[in-house]
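S.K.: After the structure tokens below, expect a handful of questions from me.
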Amino acid sequence: NINPDADGGSNLGEASKRFYRGYFTHGIGLNGETAAGNMLDDYEEGTWTPTMPNSGSASFATAHAFYTKIGRLVHLIAYVGFQSNASNYAIPDNSDQFRIGGIPHASTSTQYNYTAGSISYSGSGNIASWGMSPLVSDNGGNFIYFHKTDGGSGTRTNANFRAALGGEEMIMSITYFA
């Protein structure tokens, strides 16, 4: 049982004598916080497997994806390589909305749960000129879609991605609430 003699009068462990693992039933409060809604009650990190749920049998040539979840905030990073357009597993040439699935946590089931995302690399596929951002669908969504950032309502299709990124790679990051 660890009880300090006075408020702020005890340390939990020392620099050279740290605890191995801690288990907390109601989360961790920082700076004297006591409200249950402000406790840090979840932390996890891992990998996830990007898929193309709106693209038939298409698959990524390579995919490396990681995530960190702190509380209900999820941050995704993904490096994906697209199949050559000559491949049987290339993105189909159709007007379906291009999506990336397999994200580790669905978005919160609140409407207008907007996300923030960016594409930092796209090989020689000049998708920066598209003016778009990767977003996690709101209201309990479990996929990433790509939306114009010019105030328009358009999204990008399988045909758009096939034309620009067949045989190329893309690196992106997205932050959203689960």
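S.K.: Eigenvalues of the Cα gyration tensor times 5, then square-rooted: what semi-axes does that give for the range 107-178, in whole angstrom, largest first?
M.R.: 23, 13, 11
S.K.: Expressed as a whole percentage, what fraction of the accessible surface of the range 122-178 belongs to carbon and sulfur atoms when a 1.4 Å probe is rolled over the protein heavy atoms?
M.R.: 42 percent
S.K.: How much of the pair distance distribution for the range 34-93 lies past 14 Å, counting alpha-carbon pairs only, in percent?
M.R.: 64 percent
S.K.: Explain nothing, just the number: relative contact order of the chain, from Cα pairs under 8 Å at least 6 residues apart, as a whole percent.
M.R.: RCO, the chain: 23 percent.
S.K.: From the Cα gyration tensor of the range 50-178, with a ≥ b ≥ c the square roots of its eigenvalues, which class applies: rounded if a/c is under 1.5, or else prolate if a/b is larger than b/c, or else oblate?
M.R.: prolate
S.K.: Tell me the per residue accessible area of the range 24-142 using a 1.4 Å probe; a whole number in Å² is fine.
M.R.: 57 Å²
The values are calculated or read from the model by the stated rules, or taken from the named source; none is laboratory data. No experiment lies behind these values; they were computed from the predicted model shown. The accessibility values were calculated without ligands, DNA or RNA, using every heavy atom of the protein model including side chains. Shrake-Rupley method; radii C 1.70, N 1.55, O 1.52, S 1.80 Å.
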